[in-house]
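First up is the structure itself, then whatever we jot down about it.
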């Protein structure tokens, strides 16, 4: 990996430009809201400033952030504030499409191109025509497909699978990854030339644990949405808010949303800390390089749990990649995580009754 790729993400463009002092939310209908995004922390104000600058352009954007922090929401906001707002916004999870199907899904295919192709099919590039195509988890795309994508971005045209007719690409491409881009290049998960092409304008989203009072702001907003739907007026107590502030939120806004939804169901009127079922931080075994060390006597169940969480962390939360490394099906991995979540809630319930 070249020094250029590493430096690109050591110091972002907005860091060089300085903090957004005195920035006015000209498009925001509320002081703590920017379109559909909520947050008033300095880090989020910088994100708002970057969105407003890049949205009217045709530049490709790479949104970088941990799983659950709202990368697709940022991409859809850029689309809504762009000149392509009247066109479609098509979101594609590159990590959820099998490698042998992603080319046909992105670019479409002609009738008879392969067994089962009984009719022509429009791919995501065609369906997003005159609009925006959002490629999430771009670093999970197979390397050979990254080459094809780069060629399309450079040439502005593509062919369907089994076709020989050039189709002009009239889409704006936005991408996102939960990996550190420079590390992804070094680990051969992301081509360096594709990184340069996508990251014309990078936007880095802060994790929820670094957003300070945004945690309480978002919690109240999420609860108010549930109140409006149900026609009730439940409120968060100060002890509940304090518990929310202390939690590390490894799942970011997605985890907070799930937590508030559960609390809303459990509480009658006041949502207290006893109603907040957050997943406890997992005990991490000794870690050295790419190896885990377990104490003698550790149960096989605990070893399995710790291995799953360590691998999930190593894969930056990407469950499909985690399942592949562990040699289990994605369904099996989800079943295990569901079991751990249920066990955590049982423990929390016993603590409340104690």
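Rule-based calculations on the coordinates, nothing more; no lab input. Here the structure is a predicted model, which means the values were calculated and not measured. Every residue, glycine as well, gets a Cβ built from its backbone with ideal geometry; the counts of neighbours run over all protein chains shown.
Here are the numbers for the structure shown:
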{"quantity": "Estimated distance in nm for a label pair at residue 227 and residue 319, the labels positioned 7 Å out from Cα along Cα-to-Cβ", "calculated": "3.2"}
{"quantity": "Shape call, segment 3-206: gyration tensor on alpha carbons, a/c limit 1.5", "calculated": "prolate"}
{"quantity": "Förster radius 51 Å - calculated FRET efficiency between residue 127 and residue 238, Cβ distance, rounded to 0.05", "calculated": "0.60"}
{"quantity": "Centre separation in Å (Cα based) which lies between segment 205-284 and segment 150-196", "calculated": "37"}
{"quantity": "Potential lengthening between residue 334 and residue 266 on full extension [0.36 nm per residue; Cα-Cα distance subtracted]", "calculated": "22.0 nm"}
{"quantity": "Spin-label proximity, residue 154 to segment 53-67 - amide N less than 20 Å from point 7 Å beyond Cα toward beta carbon", "calculated": "59-62"}
{"quantity": "Cα shape, segment 210-275, gyration tensor, a/c 1.5 rule", "calculated": "prolate"}
{"quantity": "Segment 74-185 shape via C-alpha gyration tensor axes, a/c threshold 1.5", "calculated": "oblate"}
{"quantity": "As computed over segment 137-261, the Cα convex hull volume per residue (Å³)", "calculated": "163"}
{"quantity": "Separation of the residue 254 and residue 292 label points, Cα + 7 Å toward Cβ, nm", "calculated": "2.1"}
